[in-house]
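Report on one structure; see the data block that follows.
The values are calculated or read from the model by the stated rules, or taken from the named source; none is laboratory data. Remember, it's a predicted structure, so these values are computed and weren't measured experimentally. Here the Cβ positions follow ideal geometry from the backbone for every residue, glycine too, while neighbour counts run over all protein chains shown. Please note that ligands, DNA and RNA were not included when accessible areas were found on the heavy atoms of the full protein model with its side chains. Shrake-Rupley method; radii C 1.70, N 1.55, O 1.52, S 1.80 Å.
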Amino acid sequence: MDYTATQSGFRQQPAMRLRNPPAEAPGPSPLFEDTSRVGSGAQPGGYRTQPAVPQAGAYPGQSILSDPMSNLAMAYGSSLASQGKEMVDKNLDRFIPISKLKYYFAVDTVYVGKKLGLLVFPYLHENWEVSYQQDTPVAPRFDVNAPDLYIPFMGFITYVLVAGLALGTQNRFSPELLGVQASSAFVWLIMEVLAVLLSLYLITVNTDLTTVDLLAFSGYKYVGMIVGVIGGLLFGRLGYYLSLLWCCVAIFVFMIRTLRLKLLSEAAAEGRLVRGARNQLRMYLTMSIAAAQPIFMYWLTYHLVR
């Protein structure tokens, strides 16, 4: 080391150079703590901060939605869905006019009572023509001759309930058997309507009968089926056969007098019987539809009464 002389004649050894600088003495504590350099994981005083919550708009996929190509694809998909829905509604309306179903349920208590009486005792009814107002048939509640779907619909449900009651009195009730009874009645109804539509197409009948009209006329037989089963439950097999026979004859007369104005509309409009092969086919078709009702009534009820 190099030593130098001082003014007083003594040599002073310089302070040795330290490898580590001395720690600064702690100064006076500040009045407020400086939090500007505190890390995101801890706060002054030993408390940890919560992680920063992302903004509401900053979510994954935001950039995709803001892409013009994505918006174009979404708009194209929406247009395809709307076109598909419109196509399905149009094709479905060709066979089952859903928009016109409200007409067939426009009934009231008076109409239901008169219609049930007409189905059970149609022999004294004279006017069988449907009333029109400006080329549009009036609602069923204003005309007892107008077809409706309320009585067939409620008749089908009541028939299933009465069938379950009949099976229960014979200790044969089971949910599976009741389901088979309901499904078989519904399938036979659909097959009957399809057979009539096919027959009308083959003989080229010019009629205003629609699919819903045929469904209504074919569903009126449930009223006679209910009367027959209830008669069998109350009076045994003799009561069943007598009540069912009465209802079968009544529904046969009802169908003949109703459908002849629909299938023979040309002859009825002229007020005379048009002879010819095509007219005979129409008469045979009317008789066949009317004769099929008692057959279905017996087929769907005979096993319910023992």
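For the reader, a short list of remarks on this structure follows.
- Checked against the criterion of being out of contact with any helix residue (DSSP H, G or I) (no Cβ under 9 Å at 6 or more places or on another chain), closer than 21 Å to residue 259 by Cα, of a type in the set (Lys, Arg) and at pLDDT 70 or above, region 107-114 has at least one qualifying residue.
- Entry remark, region 119-161: residues being open to solvent by less than 20 Å² (accessible area, probe 1.4 Å) and assigned to a helix (DSSP H, G or I) number 6 in total.
- Residue selected from region 162-176 under the condition open to solvent by less than 60 Å² (accessible area, probe 1.4 Å), part of a helix (DSSP H, G or I) and free of Cβ contacts under 8 Å to residues at least 40 places away in the same chain, by the criterion nearest to residue 244 (Cα to Cα): 164
- One residue stands out in region 238-248 among those that are open to solvent by 90 Å² or more (accessible area, probe 1.4 Å) and of a type outside the set (Phe, Trp, Tyr): the one that is nearest to residue 170 (Cα to Cα), namely 238.
- Some residue of region 212-230 being open to solvent by less than 80 Å² (accessible area, probe 1.4 Å), more than 19 Å from residue 151 (Cα to Cα) and either in contact with a Gly (Cβ under 6 Å, 6 or more places away or on another chain) or outside any helix (DSSP H, G or I) (or both): no
- Of the listed requirements (1) surrounded by 14 or more Cβ atoms within 10 Å (Cβ to Cβ); (2) assigned to a helix (DSSP H, G or I), residue 179 misses just one: (1).
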